Amino acid sequence: MRRVWRALCSLGLLALAACTGTPELPEGPTLSPTQARALIERLLPERIADRSGWAVDIYASFAAMELAPTPSNVCSVIAVAEQESGFQVDPAVPGLAAIAWKEIDTRAAAHSLPKLVVHTALRVNSPDGRSYSERIDAAKTERELSDIFDDLIGSLPLGRTFFADRNPVRTGGPMQVSIAYAEQQAERRPYPYPVAQSLRREVFTRRGGLYFGIAHLLDYPASYEQPIYRFADFNAGHYASRNAAFQSALSLLSGIPLALDGDLLRIGGDDDKPGQTELAARVLAKRLELSNGDIRDDLQRGDAANFERSTLYEQVFERAEQAEGRPLPRAVLPQIQLKSPKITRKLTTDWFAKRVDERYQRCLLRAP
């Protein structure tokens, strides 16, 4: 497909913008709900069961957040769901029981409790009649494991000691969205469905997993010219691609090598222990006519859209482009190695974004 686009570009049949990025599709008139659901169903991969059900839940999320059901937006959602779960509502995780026992053993060691004592304590029966050990050994999905930890926290002092009322299962659902993000999003925008038990449990449903996954992917303002940067942000955090581009420009201007990870401030950082990005900016403080406090204030806007209007952002790009004699990109794929008990290969955010983008491009070919 890339060879086809290059050929068309060389013949001058596409505008320059299309040759350098994702081809834009004409969106046409506003679609009725029936037309929008039909479009979504058509764009879904053919092998999916209950295509109409998936289309209804995707469209409902778009409607609740007032997102346009354009081919680009719909294919972005489809590409992420296909990459993260293969359109399984509660996907199985290989070796999940071993992952769970490792987490329990780590918590036991942190509390100076012998492993044997902890494993023996987990042989008591849980609320469903089976022992906690039996349920852990049989767990295949994150929802099952999350339910076990919820019961453990609610029923045994051991669970409350280990997990401090915080379930260690952090992601779930067909888009593998962060449960912490779902809880934050529900505070910002009311969740449109009845909550039977908890928002955590909603993430493991099709409608809830899609709703919060679509929110994380699309429900924030970003000036990216290509969806691939939203795909990277889905994996690395909102504005990670924009922030990585800022780090690249800052590195060029200051001469200090920086990791392009999108993290502008050191986690837990304070004035005495700034991170590498902040230190690089401080080197330029006099040239930029900014104080260390000004730099910190601007970097603290790194998780918001208005960072792009900060003095630090504007000055760094303006001076870096003057020094380089060329325009600099405003988005760069973050270079982050993915770390999770579920990941057994050496993967990166760059790899994730490109894999999702390949699926996105294939989806666009199904657009009418």
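When Arg330 is tested against (1) modelled with pLDDT of 95 or more; (2) in a loop (DSSP other than H, G, I, E, B); (3) within 16 Å of the chain's Cα centre (by Cα), only condition (3) is not met. The criterion of at least 1 residues that are modelled with pLDDT of 90 or more and among the hydrophobic types (A, V, I, L, M, F, W, C) is met, among helices (runs of 4 or more DSSP H) falling completely within the stretch 138-218, by 142-155, 179-188, 199-203, 206-218. Which members of the stretch 63-93 meet the condition of being surrounded by fewer than 17 Cβ atoms within 10 Å (Cβ to Cβ) and without any contact (Cβ under 8 Å) to a residue 60 or more places away in the chain? Selection gives Ala63, Glu66, Ala68, Gly86, Ala92. With respect to the conditions (1) surrounded by fewer than 15 Cβ atoms within 10 Å (Cβ to Cβ); (2) on the phi > 0 side of the Ramachandran plot; (3) modelled with pLDDT of 95 or more, Arg309 falls short on a single one, namely (2).
Val169 falls short of the stated requirement of being among the aliphatic types (A, V, I, L, M), out of contact with any His (no Cβ under 6 Å at 6 or more places or on another chain) and either surrounded by fewer than 16 Cβ atoms within 10 Å (Cβ to Cβ) or closer than 18 Å to Phe87 by Cα (or both). Against the numbered list (1) closer than 30 Å to Arg362 by Cα; (2) surrounded by 17 or more Cβ atoms within 10 Å (Cβ to Cβ), Arg107 comes up short only at (1). Given the criteria part of a helix (DSSP H, G or I), under 22 Å from Leu67 (Cα atoms) and assigned by TED's automatic domain parsing to the domain that holds Arg319, does Ser251 qualify? No: the conditions fail for Ser251. Look at Leu290 and say whether it is out of contact with any His (no Cβ under 6 Å at 6 or more places or on another chain) and either at pLDDT below 95 or not in a helix (DSSP H, G or I) (or both). It is true that Leu290 is out of contact with any His (no Cβ under 6 Å at 6 or more places or on another chain) and either at pLDDT below 95 or not in a helix (DSSP H, G or I) (or both).
Would you confirm, using the coordinates I've provided, whether Asp298 is farther than 22 Å from Ser223 by Cβ and not in a loop (DSSP other than H, G, I, E, B)? So Asp298 does not fit the description; no. Of the set (1) closer than 27 Å to His216 by Cβ; (2) at pLDDT 95 or above; (3) outside the structural domain of Gln35 (by TED's automatic domain parsing); (4) surrounded by fewer than 16 Cβ atoms within 10 Å (Cβ to Cβ), all apply to Thr277 but (4). If you go through the stretch 46-59 and keep only what is surrounded by 15 or more Cβ atoms within 10 Å (Cβ to Cβ) and touching a residue at least 60 places away in the same chain (Cβ under 8 Å), you end up with Trp54, Asp57, Ile58.
The values are calculated or read from the model by the stated rules, or taken from the named source; none is laboratory data. The structure presented is a predicted model; accordingly, all values stated were derived computationally and were not measured. Cβ sites come from the backbone with ideal geometry, for glycine too, and all protein chains shown count toward neighbours.
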